[in-house]
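Got a structure here, written out as structure tokens. Questions coming.
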Amino acid sequence: MALHLCSSPSSLLHERQPRPLHKFKAGNFAFLYKLPKSKTFIHVNHVSLREPVPQTEDLSSAEDSNFQDSGGKSTPSSKSYIWVNPRSPKAKLLRKKSFHSRYTSLMNFSESLDSCNASEEDVYEILSGLDDNILEQDAVVILNNMLNPETALLALKYFQSKIKPTSEVILYNVTMKVFRKSKDIERAEKLFDEMLERGVNPGNRTFSTIISCARMCGLLDKAVEWFEKMPSFGCEPDDATYSAMIGTYGRAGNIDMALSLYDRARTEKRRIDTIAFSALINMYATSGNYDGCLNVYEEMKALGAKLNVAIYNTLLYAMGRAKRPWQVKTIHKEMINRGLSPTYGTYATLLRAYGRSRYAEDALNVYKETKGKGMNLTTVLYNTLLSMCADVGYSDEAVEIFEDMKSSGTSQPDRWSFSALITIYSCSGKVSEAEATLNEMIESGFEPDIFVLTSLVQCYGKAKRTDDVVKTFNRLLDLGITPDDCFCGCLLNVMTQTPKEELNKLSECIEKANPKLGSMLRYLVDEPEGDVTFRKEASELFDSIGAEVRKGFCNCLIDLCVNLNMMDKACELLDLGLTLDIYTDIQSRSQSQWSLHLKSLSLGAALTALHVWINDLSKALESGEELPPLLGINTGLGKHRYSDKGLAGAFESHLKELDAPFREEAGWFYTTKSAAQSWLESRGSPELV
């Protein structure tokens, strides 16, 4: 066992590859030694307090890369070794003079300079503690470990007055690193100008430091500006700078330049790191080119590039943003097959991707796996799961997630959490649970907003508690909240479930919230005979509301007409909906089949469309038009997420009442030409049924 001390005072400046150092502990001592082929020796030709500090792992990317600009080459030196017993007093003395001691001393200077006043007097007083014969590498180590940009400039000035460095650019480079740590691009640029004034030529490391400083400051355009200056100073970017700039151009929105630089790097067979690939994936995702993200991923695999967890997380995020949960599943599986362990970021990305795409089972599996590994979810992730459960009707799972959230100790329900749970209870018709959650929400300091009150209106409506619907509406007004289209649409939907004798209570609320809609309802509820302005009133109403709620309004109004046995008004509204493109492609015709498509309609609107279609068939038959071999009605197989009922079930019973010769098959009801013709002829002249 021995202690190795390097005798060459220039080893830090010129030795590109530091010898491997290994730590060994004996008793209370730890030695760094060179592994020899036989015995271990101590090199003792020269021992000094100014002994050059060998490059440790922490400095290898700092000073070593800076010295590269000087053009220095490795200079072999003669070696003579003696073996010293590590337990002898001599070993203890040598250890004190080793680079550990020297490095610690220089680090103390850095710390003192960081904490002192930014004045020449204070800085020079601290540095006077160094010998007059200051070595260049001492200055490099001190500056490299500093954090204070103001005192770093004064320290640089001091060293420039005391030493004649072999390559002055190195001192400037490590000083610029201080500015990079403090994200001070302005000082870095001023120091660059000073370099030029002193006749110091910048090197690759100078530019890479300023470029990375600009990137850390979020000044992507300035990073690009400095990168494009490099050729004018005879500097060629290294692989790391190329990779960094590919990402910088991408984040700056200059996609063409990013791809051009990437192609150039590939042509020159430069090594592109995973950060650059990740930036390319992000660039494509931001621009909405999600196939481009996948192309980068496939190219990485083809090039044999390292695929780490960060790359997979970036790609999973991109596919989640693209709402491609099936590709999220595939990529996640490939990640696991490569032996990579998901991080918290992976799980968070998967939860967002599956939750927003309503891949409920996959999202819940990821949630369980995350909890099984003892990871805590954020409030946002909990809310993503609760919102998904509300949309797909997973009531029990939502309650479990909500309770887990409250007991997690790290995330507590916010307004959105309570709103999601109230929505779930409301859609399920669980009035007492919805009211209890509302009370808990208020006790937690959250006033109900329009989303919560809309859910409560729906809940009371399903329970046929019309008076509570009115109270909720009045509560909304008392809170100073203006009813929006969604709230009015919910009130209108409640009217379709309300007994006729209580409709006036709700129509009065609607008239206060939306006078145009209230005027429409008067034609249906108060003035059943109506007049010629009905269609005009309806058209003005649809023009005044958002496109996203028009179909809902039209469906509910038709449902209300059907409930009130006002089929003529229902047909008029359906026709208006077709005219205004609220409904599209309800009927289709080909030589082999005529079809009626009802999947996007409410039950009342679908029944109205069926009756119109049957009358159209009767008219076609009367006019001598040939029916096709097959006729079909597409209701789909879907059921309401909070109900066991679906459009197909309601239609099956209705077609039986009509004695229509349709048979059900996978969401379609089919009949043949001969069967349909026979049935239509038996019905007589066309009329509404």
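State whether one or more residues within the range 597-605 are more than 38 Å from the chain's Cα centre (by Cα), touching a residue at least 60 places away in the same chain (Cβ under 8 Å), within 28 Å of H654 (Cα to Cα) and not assigned by TED's automatic domain parsing to the domain that holds L491.
yes
If V612 satisfies all but one of (1) of a type in the set (A, V, I, L, M, F, W, C); (2) more than 21 Å from K500 (Cα to Cα); (3) under 46 Å from the mean Cα position of the chain (by Cα), what's the number of the condition it fails?
If we test V612 against (1) of a type in the set (A, V, I, L, M, F, W, C); (2) more than 21 Å from K500 (Cα to Cα); (3) under 46 Å from the mean Cα position of the chain (by Cα), just (3) comes out false.
A further question on this structure: Does D184 qualify as being at pLDDT 90 or above and buried (at least 18 other Cβ atoms within 10 Å of the Cβ)?
yes
Here's another thing I want to ask about it. Here are the criteria: (1) over 25 Å from I311 (Cβ atoms); (2) buried (at least 22 other Cβ atoms within 10 Å of the Cβ); (3) touching a Gly at 6+ places or on another chain (Cβ under 8 Å). Tell me which single one S387 does not satisfy.
It fails just one condition, (2).
In this structure, is E447 surrounded by 17 or more Cβ atoms within 10 Å (Cβ to Cβ) and acidic (D, E)?
It is false that E447 is surrounded by 17 or more Cβ atoms within 10 Å (Cβ to Cβ) and acidic (D, E).
Looking only at helices (runs of 4 or more DSSP H) that fall completely inside the range 140-238, which ones have 2 or more residues that are of a type in the set (F, W, Y) and over 24 Å from Y103 (Cβ atoms)?
220-229
Looking only at the range 656-689, filter to residues that are among the charged types (D, E, K, R) and assigned to a strand (DSSP E or B); which one of those is modelled with the highest pLDDT?
Filtering the range 656-689 for residues that are among the charged types (D, E, K, R) and assigned to a strand (DSSP E or B), the one modelled with the highest pLDDT comes out as R663.
Scan the range 617-632 and tell me whether some residue there is in a helix (DSSP H, G or I), closer than 27 Å to F473 by Cβ and of a type outside the set (K, R).
So far as the range 617-632 goes, no, none of its residues is in a helix (DSSP H, G or I), closer than 27 Å to F473 by Cβ and of a type outside the set (K, R).
Identify the single condition in (1) of a type in the set (D, E, K, R); (2) closer than 22 Å to Y460 by Cβ; (3) not in a helix (DSSP H, G or I) that K599 does not satisfy, given that it satisfies every other one.
Condition not satisfied by K599: (2).
Hey, another quick one. Where in the range 405-519 are the helices (runs of 4 or more DSSP H), entirely inside, with at least 2 residues that are of a type in the set (V, I, T)?
Here the list reads 415-427, 431-443, 450-462, 466-478.
Evaluate the range 580-589: report whether one residue or more is without any contact (Cβ under 8 Å) to a residue 24 or more places away in the chain and among the acidic types (D, E).
yes
Of everything in the range 382-413, what is small (G, A, S) and within 24 Å of the chain's Cα centre (by Cα)? Give them in sequence order.
Of everything in the range 382-413, those that are small (G, A, S) and within 24 Å of the chain's Cα centre (by Cα) turn out to be S387, A390, A398, S408, S411.
Further question: What number of residues within the range 626-655 are surrounded by fewer than 14 Cβ atoms within 10 Å (Cβ to Cβ) and modelled with pLDDT of 90 or more?
Number of matching residues: 2.
Just to be sure, is T209 buried (at least 20 other Cβ atoms within 10 Å of the Cβ) and either at pLDDT 85 or above or at positive phi (or both)?
For T209, the condition - buried (at least 20 other Cβ atoms within 10 Å of the Cβ) and either at pLDDT 85 or above or at positive phi (or both) - is met.
Same structure again: Any idea which of (1) surrounded by 21 or more Cβ atoms within 10 Å (Cβ to Cβ); (2) closer than 22 Å to K329 by Cα is the one M405 doesn't satisfy?
Result: M405 passes all but (2).
For the range 550-560, state whether one or more residues are modelled with pLDDT under 95 and out of contact with any helix residue (DSSP H, G or I) (no Cβ under 7 Å at 6 or more places or on another chain).
yes
Shifting gears a bit: Can we say A214 is more than 22 Å from I281 (Cβ to Cβ) and over 30 Å from the mean Cα position of the chain (by Cα)?
Criteria not met by A214.
In the range 161-181, how many residues are of a type in the set (S, T, N, Q) and modelled with pLDDT of 90 or more?
Qualifying residue count for the region: 2.
Would you be able to say whether some residue in the range 322-336 is closer than 27 Å to S208 by Cα, surrounded by 17 or more Cβ atoms within 10 Å (Cβ to Cβ) and within 22 Å of the chain's Cα centre (by Cα)?
Taking every residue of the range 322-336 in turn, none turns out to be closer than 27 Å to S208 by Cα, surrounded by 17 or more Cβ atoms within 10 Å (Cβ to Cβ) and within 22 Å of the chain's Cα centre (by Cα).
The values are calculated or read from the model by the stated rules, or taken from the named source; none is laboratory data. Bear in mind the structure is a predicted one, so any value in this text is a computation, not a measurement. Glycine also receives a Cβ, built like all others from the backbone with ideal geometry; neighbour counts cover every protein chain displayed.
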